[in-house]
1. What distance in nm separates the simple spin-label points at A:E64 and A:L128, each placed 7 Å from Cα in the Cβ direction?
2. Evaluate the distance, in nm, between pseudo-label points positioned 7 Å from the Cα of B:D24 and of A:A75 along their respective Cα→Cβ axes.
3. Which FRET efficiency, nearest 0.05, do B:R38 and B:E196 yield, Cβ-Cβ r, R0 25 Å?
4. Using the 10 angstrom Cβ neighbour count as an exposure proxy, how do B:E29, B:E5 rank, fewest first?
5. Determine the gain in length on full extension of the stretch B:R95-B:S149; use 0.36 nm per residue of separation and subtract their C-alpha separation, reporting nm with one decimal.
6. Which of the pairs B:K159/B:K181; B:K9/B:K37; B:K72/B:K164; B:K37/B:K190; B:K37/B:K159; B:K37/B:K181 have their Cα atoms more than 20 Å apart in this structure?
7. Of the listed peptides A:37-49, B:145-157, B:35-47, A:56-68, what is their order by residue-averaged count of other C-beta atoms within 10 Å, with the highest listed first?
8. Please report B:H139, A:H29 as a ranked list, fewest other C-beta atoms within 10 angstrom at the top and most at the bottom.
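Please treat every number below as a calculation from the coordinates, not as lab data. All of these numbers come straight from a predicted model, not from anything done at the bench. Counting neighbours? That spans all protein chains shown, and the Cβs are built from the backbone with ideal geometry, glycine included.
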Amino acid sequence: MNATRHLGSDEIIERVFPAGDRPVAVPDHLAACAECQERVANLREAWLLDRGAVSGAVDDLPFEFWDAQAAAVMAAVRSGAGEAEDAEGAAIAVVREFPGRARGILRHPAIAFSSLAAALLLVGALSLMRSSGTVPAMKTAAVTSMEKTPALVNDASDEELLVSIDRVLEDSSLAGFLVEETL
Amino acid sequence: MSDDEHMGKRERESEILSRVVAGDVDAFEYFVVTYQKRITRFVYTLLRNPADADGVAQDVFIKAFRALPEFKGQSAFETWLTRIAINAVRDHVRRRRPVVSFSELHASEDDDGPDLPAAFDPADGTSPERDLFSRDIRHRIAEALVGLSPRQRAVFVMKHYEEKSIAEIGEATGLDEGTIKSHLFRAARKLRARLEDLR
């Protein structure tokens, strides 16, 4: 055994994982001590094994995986770009539907109160007619369609709905996502 | 890659970026195809979960696309993408953290064999003992890495798995040299502690 002291853990770490970009000088002791050489070699081998495994795992993925991944990204990107255009178009449409003059009419108190009163009267009349059995409760097309659809399919739709809600929630967090210049 | 090649690539990417920002969404596919392997590898090295790695890698590109107007071209696109990947992994780790610890996860998974799908499981198959040794080491290193802060982990992976220089790591993370070295040393020390009994 070499007369000088064995390498400490920190020195072994520094041999295998140097913090700087330049190679670290080999300590005299290491050149002569088989025990320390083995410790360094074991740590290096473990790390290289892991690095090779991780790298190989990704590099060996079939091209279908990469095609599918790229296709998924591009689909999301295209739909996102489409949604952004739709939203822009809708905003313009809303502005066009309510030009200044129309907005002025809506702000008039008498017209606003009359509209509210008419709406309340209509709701009241419909409720009375339904309670007396004159008008059957109408099924919307969506309700009819759901009733005809087997439960399994509804579950699948629910799943899709949950996934899309998830995506929307993620998107809203992304909207505020700041690509920081620093961490 | 030589300096000229770097410059050429940067100019070409700058031209494609202008097209994307101008509305040519399909041109963005160049960046996906060029960097998907590198970003997936980086994310997988950090997360050690194939499904999560695929999902987060996809998110990285989608986020990059949305943030393209903010890209000033001060760094290379790849560096900017790496920065987005680090943030995406950090967000992913924060969202997932309380569910189950890595040790618990692997303790239960080990009973049923490897947790990675075949395509992501790189056991070399030379011998069952070697495969077992390989998996054991990988799990221990993965545990040690998962035990680091996302920032330490990113710095360590960039340095020792991707062989980035300190300057490149600084550009991607915004950290100064001293902080990077400190992160590297602490990360290596934890790794060493996990592998102490290998000798």
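1. About 6.8 nm, to one decimal.
2. Calculated label separation equals 2.5 nm.
3. On the way: r = 32 Å, r/R0 = 1.29.
Using R0 = 25 Å, I get an efficiency of 0.20.
4. The most exposed by this proxy come first: B:E5, B:E29.
5. Numbers: separation 54, 0.36 × 54 = 19.44 nm, distance 1.40 nm.
Stretched out fully, the B:R95 to B:S149 stretch lengthens by 18.0 nm.
6. Working: B:K159/B:K181 10 Å; B:K9/B:K37 18 Å; B:K72/B:K164 22 Å; B:K37/B:K190 28 Å; B:K37/B:K159 18 Å; B:K37/B:K181 27 Å.
Beyond 20 Å between Cα atoms: B:K72/B:K164; B:K37/B:K190; B:K37/B:K181.
7. Numbers: A:37-49: 17.2, B:145-157: 21.4, B:35-47: 23.3, A:56-68: 14.7.
With the highest mean Cβ count within 10 Å placed first, the list reads B:35-47, B:145-157, A:37-49, A:56-68.
8. Numbers: B:H139 20, A:H29 16.
Neighbour counts put them in this order, fewest first: A:H29, B:H139.
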